[in-house]
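Let me begin by presenting the structure, written as structure tokens, before commenting on it.
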Amino acid sequence: MISFSAVSKRFPGGKEALRGLSFTVEDGELLFITGHSGAGKSTLLKLIPAIERPSSGTVLVNGQNVGALKPAAIPYLRRNLGLVFQDQKLLYDRSVYDNVMLPLVFSDHSPREAARRVRAALDKVGLLGRERANPIQLSGGEQQRLAIARAVVNRPSILIADEPTANLDIDSAGDILDIFVEFNRVGVNVLLATHDLGLVERFATRVLRLSEGRLLGESGAG
Amino acid sequence: MRSWLRQHRLALAAAARKWLAQRAAALLNALALGVALALPAGGFALLEGLQALSTRSAIDPQVSVFMRTDVAPQATQQLAARLRRDPRVHRVRLITREDALQSLRDTSGLADVVSALGSNPLPDTLVVTVAASGEKTLDQLAEELGRAPGVAQAQVDALWARRLAALERVGRLALVLVAGILAVGLVAIAFNTIRLQILTLRDEIEVSKLIGATDAFIQRPFLYLGLLQGLAGALVALGLVWGALALLNTEVAGLARTYGSDFRLPFLSLGEVVGLALIAGGLGWLGAYMSVSKYLREIEPA
């Protein structure tokens, strides 16, 4: 469970990205966060893995106040989260397979178990045939799927994606969303940020609308 | 425990790969570190050699007693006899002025000079070896002998050895200072090379950190890299020192032969070699640690 209470985030320049946000995400929920670019979606998502810390208020993830975590505890928090970054952050100096292997290198898995998990993750996003390829050789949609495979290889209970359909054509975007819905169906808590309202409308699910760092309202099945 | 070992093995392998991937740069680095290390290591080896020399000379403390040239040979004989009875004296060797002239004549190239002299300018000499060593006895005896009738001058032969020892202490201090400065330089070199490595692997570090790698995990390959670079530097330094000593020893051998000695400058002992490797590796590690810690702090989000 993820719970925000009265969370504000002010950046050193004085820009206020989030203002007094409060909401709760139940286990197993699929939640969309929408708003124009600059509304604070990315900042909100970055608070959960403690990439940013709130200026005030508390962010609880599975009962842990992540804003107050010691630096040494943060890696262990992040290992339980699947993160898909806005700019994907793929490594182009290694194969698709090795990109997905990265999170398993520093968590304790036997090489055999790690290999099995990498294949399983690639299989789920439909990239099993491309494991020897370099990410640069993949299409935009395939690169996004690779980013998802890396996020889920550690089998996180919470999957967080920032604009995963940006820069994709409508068909590829639909495919990507289907993958997230699929993970949600097997019990993974999914948080998606997107500015594409047309896409959100296809799903009967809860939507948080942000504008200038404030919660404008909620809609959809809660 | 097994997974801990595996993590370290992987980190070491990654470090070795990174190192070998840029052969030319790694080689130049090892050379730079090696030169920086060779200076204090070589100085240390030289000082060790000098110390061996000065302690060996100090073991045989002698006083040379030069008689006045106008003293009768009997007076010299009497003084020698008296000294032989002195409990402080171990041995007395008398070199008469005739013997001294003869040996000078035998020395190649000087025969003409000697014959041109006309009269013998050399004094009778007593070489007194002291039984109980100790600077005090030696100085006391020399002073007594200096005042004895017929004696022109009594000279402690170990004096030069003492001066050498004093010089060596100065050298040692200078060496410690040089070593200290170069150690700082070494850390700086390691810091910078690791910094460059980090910058080429920025993406990997950033992503690893974002998806749950601990700082220790990220640091590890770089620490090993620093260690490997330090060790390579030590290897180069040992090679340089060995070569320099070998070269010096060809000259030293010739010089020592003229003193009837088989003295050679010794190479560093096994313990010193290991010590050098440990220090170099440790300094490389330290530079790497400072570099990667600094970088991790920089990318740490607020």
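Annotations
- Here A:ASN167 fulfils each of the conditions (1) assigned to a helix (DSSP H, G or I); (2) surrounded by fewer than 18 Cβ atoms within 10 Å (Cβ to Cβ) apart from (1).
- Top-ranked residue in the range B:74-93 [being over 40 Å from the mean Cα position of the chain (by Cα) and aliphatic (A, V, I, L, M); ranked as surrounded by the fewest Cβ atoms within 10 Å (Cβ to Cβ)]: B:ALA81
- Residue match in the range B:190-200 (condition: within 14 Å of chain A (Cβ to nearest Cβ) and touching a residue at least 12 places away in the same chain (Cβ under 8 Å)): yes
- Conditions (1) exposed (fewer than 15 other Cβ atoms within 10 Å of the Cβ); (2) within 16 Å of A:LEU83 (Cα to Cα); (3) of a type outside the set (A, V, I, L, M, F, W, C): number failed by A:SER42: (1)
- Residue that is basic (Lys, Arg), modelled with pLDDT of 80 or more and in the same structural domain as B:ALA280 (by TED's automatic domain parsing), where the choices are B:ARG9, B:ARG82: B:ARG9
- Qualifying residue in the range B:150-168 (condition: in contact with a helix residue (DSSP H, G or I) (Cβ under 9 Å, 6 or more places away or on another chain) and within 14 Å of chain A (Cβ to nearest Cβ)): no
- Residues being under 21 Å from A:GLU26 (Cβ atoms) and among the basic types (Lys, Arg) - total across the range A:173-216: 3
- Of the residues making up the range B:1-25, just one is within 14 Å of another protein chain (Cβ to nearest Cβ), touching a residue at least 40 places away in the same chain (Cβ under 8 Å) and either surrounded by fewer than 15 Cβ atoms within 10 Å (Cβ to Cβ) or outside any helix (DSSP H, G or I) (or both), namely B:HIS8.
- Filter result (under 22 Å from A:ASP98 (Cβ atoms), at pLDDT below 95 and under 11 Å from the mean Cα position of the chain (by Cα)) within the range A:153-174: A:PRO156, A:PRO164
- Count of the range A:54-79 residues which are at the interface with another protein chain (Cβ under 8 Å from one of its Cβ atoms) and in contact (Cβ under 8 Å) with a residue 40 or more places away in the chain: 1
- Residue within the range B:94-116 that is charged (D, E, K, R), over 34 Å from the mean Cα position of the chain (by Cα) and under 13 Å from B:GLN62 (Cβ atoms) present: no
- Entry remark, the range B:226-276: residues being farther than 20 Å from B:LEU182 by Cα and of a type in the set (A, V, I, L, M) number 10 in total.
- If you go through the range B:81-132 and pick out every residue that is part of a helix (DSSP H, G or I) and among the hydrophobic types (A, V, I, L, M, F, W, C), you end up with 10.
- Members of the range A:1-42 found to be in a helix (DSSP H, G or I) and away from every other protein chain (no Cβ under 14 Å), listed by number: A:LYS41
- Sole exception among (1) under 21 Å from A:LEU208 (Cα atoms); (2) modelled with pLDDT under 95 for A:GLY63, by number: (1)
- Residue that is nearest to A:VAL61 (Cα to Cα), among those in the range A:80-103 that are more than 9 Å from every other protein chain (Cβ to nearest Cβ) and of a type in the set (A, V, I, L, M, F, W, C): A:VAL84
Listed here are the residues, each with its yes/no results for (1) touching a residue at least 24 places away in the same chain (Cβ under 8 Å); (2) touching an Asp or Glu at 6+ places or on another chain (Cβ under 8 Å); (3) more than 27 Å from A:ILE48 (Cβ to Cβ).
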residue	(1), (2), (3)
B:ARG202	no, no, no
B:LEU210	no, no, no
B:ILE218	yes, no, no
B:LEU235	yes, no, yes
B:LEU247	no, no, yes
B:ALA277	yes, no, yes
B:LEU286	yes, no, yes
B:ILE299	yes, yes, no
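- Residues that are of a type outside the set (A, V, I, L, M) and buried (at least 21 other Cβ atoms within 10 Å of the Cβ) were ranked within the range B:169-207; the one that is nearest to the chain's Cα centre (by Cα) is B:THR193.
The values are calculated or read from the model by the stated rules, or taken from the named source; none is laboratory data. Given the structure is predicted, the values throughout are model-derived calculations rather than measurements. Please note: Cβ atoms are built from the backbone with ideal geometry, for glycine as well, and neighbour counts cover all protein chains shown.
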